[in-house]
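Written out below as structure tokens is the structure these notes cover.
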Amino acid sequence: MTTLQSVPSLGTHPASGSLPSRAETREQLSRAAYDLLVIGGGILGISTAWHAAQSGLRVALVDAGDFAGATSSASSKLLHGGLRYLQTGAVKLVAENHFERRAVSRQVAPHLANPLTFYLPVYKGGPHGAAKLGAGVFAYSALSAFGDGVGHVISPARARRDVPELRTDNLRAVAVYGDDQMNDARMALMTVRAAVDAGAVVLNHAAVTGLRFTRGRVTGADLEDRLDGTEFGVDARLVLNATGPWVDHLRKMEDPGAAPSIRLSKGAHLVLRRTRPWKAALATPIDKYRITFALPWEDMLLLGTTDEVYEGDPADLAVTEKDTAQILDEAAFSIRDQQLSRDLITYSFAGLRVLPGGPGDTSKAKRETVVTEGRGGMLSVAGGKWTTFRHIGRTVMNKLAALPGRPLAEDMEPIAHLPKKLPLPGIANPNAVAHRLLIDGGTPGPRMAADTARHLATHYGSLSFDIARLANENPALAERIHPDAPEIWAQVAYARDHEWAETADDVLRRRTTLTIRGLATDEIRAGVETMLGDRS
């Protein structure tokens, strides 16, 4: 492991094509007049900024924290059709979800998503029978045009070969279906990059301190740079509130009398080291509506999630002992005890689902996207799910085009004319990228370790070769950040110069997997902070 004293210094050798400084970006935001200011750098805001910039609008995007710093990096890491929605007869919704899932994982970002086989165990006395679940997974696969195979039922013995820690006591059968998974933070960052490539101007760690009004209409925002306290503002013809759990907070800035529009549901997860390799995921029914997941992810095991009403400050969200106990207890329905030892837990995290306001059990609530217009003309978007992030961006764009007076329509390329499956940056076959990195490091130089090559290929796609080039130019950057993780120091330099990383958490939690692996030691954190400060 590289020590703090030997952290590579790149201060005198800035990477070509580096991002503008924060001061330069603030100046650009302050001087220009934008068509659309998006407040909120979660996936809904990012997707809208991407689509708006594609449409030819002048777009600014700001977030009080890091991009995907809250709910959007605290998901179950799935792109899925929503098997449980078949319970409520939402056949059309499942089909639409499947279309978006397959578009993202096959055409838009095959370098960032991968197919995953799911096993749905049927236990004696469980909430569903084998025949019902067999029919359900068949219908589910049919709604995706059997693109992931045909949903079917297999024997417990066969399932145990792929999931060695599967509990087989009273196990009657196992239903099989297919979906996809991803690293949500990496997917969000690549979408930010796509928005910037299309012309958007973005800044993280910039908090809104007030809204700007012109004749009663919201026409911008005043902001404070949370890193150095600099105050600045952005003017825009329209403002979009995409702040997720904080959406009502911003609505009250527009109208102090605004009634609550959403409710929040907390979803907690645990990450554990795996005792043995898994070749499939488990989706275990807890009751008629809820499923708990056990997902092989990033060489670890991801367990969750919970679903309960949350009424506190979103900033105070944390995983509690109650959450941890619930997740482990529910996982124990289908997973053997040795895999559920608390000693194996490396990390826990929680996110807040934004649901439409109203009564009822949150586990039965539809994941609808709601777009509303406030009395000052600010649009607010809330809800939805990761799988349909492109569709949500298009939905908001259609709303912008249809606003009374059509203030932006004349400057917008019709959304119907935009490419339906525009790929995200770095699109490439990850197997081919990993092979090239493994053989020659992507550029003349030393060969790369197999796990590092695979990690780069599935997190950056063809952009991996830019990281390999940094490592080849400075051998210190080719060293692992921690001996038990695939990441190398070149990724920190790349995050600093090309991915808007400003803090150690930006790097360790969202641009790499070190925090989730439980490997973000104080020494490593200090080394990352040193490199982040090594700018010129």
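Brief remarks on what is shown
- Counted over segment 222-329 with a bin width of 10 Å, the fraction of Cα pairs per bin, in whole percents, is 11, 29, 26, 20, 13, 1.
- Placing +1 on the Cβ of every Lys and Arg and -1 on the Cβ of every Asp and Glu, with nothing else charged, gives the chain a dipole about its Cα centre of roughly 2020 debye.
- 23 Å tail of the calculated P(r), segment 146-241, as % of Cα pairs: 59
- Per-residue SASA entry for Ser380, accessible area with 1.4 Å probe, Å² rounded to 10: 10
- By the rule of a C-alpha distance below 22 Å, with chain neighbours fewer than 8 residues away ignored, the lysines paired with Lys77 are Lys266, Lys279, Lys364, Lys366, Lys385, Lys421.
- Note on segment 23-92: Cα-only Rg and Dmax are 16.7, 52 Å.
- Ratio of the Cα radius of gyration of segment 463-533 to 2.2 N^0.38 Å, where N counts its residues: 0.99
- Size descriptor for segment 264-399, Kirkwood hydrodynamic radius: 16.8 Å (Cα pairs only, one decimal).
- Candidates Asn398, Pro486, Leu408 compared by Cα position along the dipole of segment 379-491: farthest toward the positive end lies Asn398, with charges placed on Cβ.
- Euclidean distance between Cα centres, segment 151-209 to segment 227-304, Å: 14
- Cα-based radius of gyration for segment 413-536, normalised by 2.2 N^0.38 Å, reads 1.14.
- With contacts taken as Cα pairs under 8 Å at a separation of at least 6 residues, segment 404-536 carries a relative contact order of 16 percent.
- Restricting the calculation to Cα atoms, every distinct pair contributes to the Kirkwood radius of segment 177-231, found to be 14.3 Å.
- Projected onto planes of every orientation and averaged, the convex hull of the alpha-carbon atoms in segment 75-181 covers 7.1 nm².
- Prolate/oblate/rounded call for segment 116-179, Cα gyration tensor, a/c under 1.5 rounded: oblate
- A probe of 1.4 angstrom, applied to the heavy atoms of all protein chains, finds Tyr123 with accessible area near 40 square angstrom.
- Rounded to two decimals, the Cα radius of gyration of segment 199-281 over 2.2 N^0.38 Å is 1.62.
- Computed over the chain, relative contact order equals 21 percent, with contacts defined as Cα pairs under 8 Å that lie 6+ residues apart.
- Reciprocal of mean inverse Cα separation for segment 293-357 (Kirkwood radius, Å): 13.3
- Taking the protein heavy atoms of segment 252-353 in the context of the full set of protein chains, the accessible area attributed to carbon and sulfur is 50 percent at 1.4 Å.
- Residue-averaged 222 nm ellipticity for the chain, from DSSP H runs of 4+ at -39500 (n - 2.57), nearest 500: -8500 deg cm²/dmol
- Most to least accessible of Phe99, Phe389 (protein chains only, probe 1.4 Å): Phe99, Phe389
- When each of the peptides 200-210, 336-346 is scored by the mean number of other C-beta atoms lying within 10 Å of its residues, the order from highest to lowest reads 200-210, 336-346.
- Cα-projected label distance for Arg447 with Ala432, points at 7 Å along beta-carbon direction, nm: 2.2
- Estimated translational D of the chain in µm²/s (Stokes, Kirkwood radius over Cα pairs; 37 °C; 0.692 mPa s): 136
- Accessible-area ranking of Asp169, Asp411, largest first, probe 1.4 Å: Asp169, Asp411
- Length gained on full extension, Thr521 to Ile286, computed as 0.36 nm times the residue gap minus the Cα-Cα distance: 81.0 nm.
- Eligible lysines near Lys124 by straight Cα distance, threshold 23 Å, same-chain separation 8 or greater: Lys132, Lys288
- If you sort the three axes of the alpha carbon gyration tensor as a ≥ b ≥ c, you get a/c of 1.5 or more for segment 150-192 and a/b above b/c, which makes it prolate.
- Per residue, the average separation of C-alpha pairs within less than 8 Å and at least 6 apart gives segment 19-143 a relative contact order of 17 percent.
- Residues of segment 267-289 with amide N under 20 Å of a point placed 7 Å along Cα→Cβ from Asp299: 270-281
The values are calculated or read from the model by the stated rules, or taken from the named source; none is laboratory data. Remember, predicted model here, so these are calculated numbers, not experimental data. When we count neighbours, we look across all protein chains shown, and the Cβ atoms used for this are built from the backbone with ideal geometry, even at glycine. When the accessible area is computed, the model is the full protein with side chains, heavy atoms only, and any ligands, DNA or RNA have been set aside. Shrake-Rupley method; radii C 1.70, N 1.55, O 1.52, S 1.80 Å.
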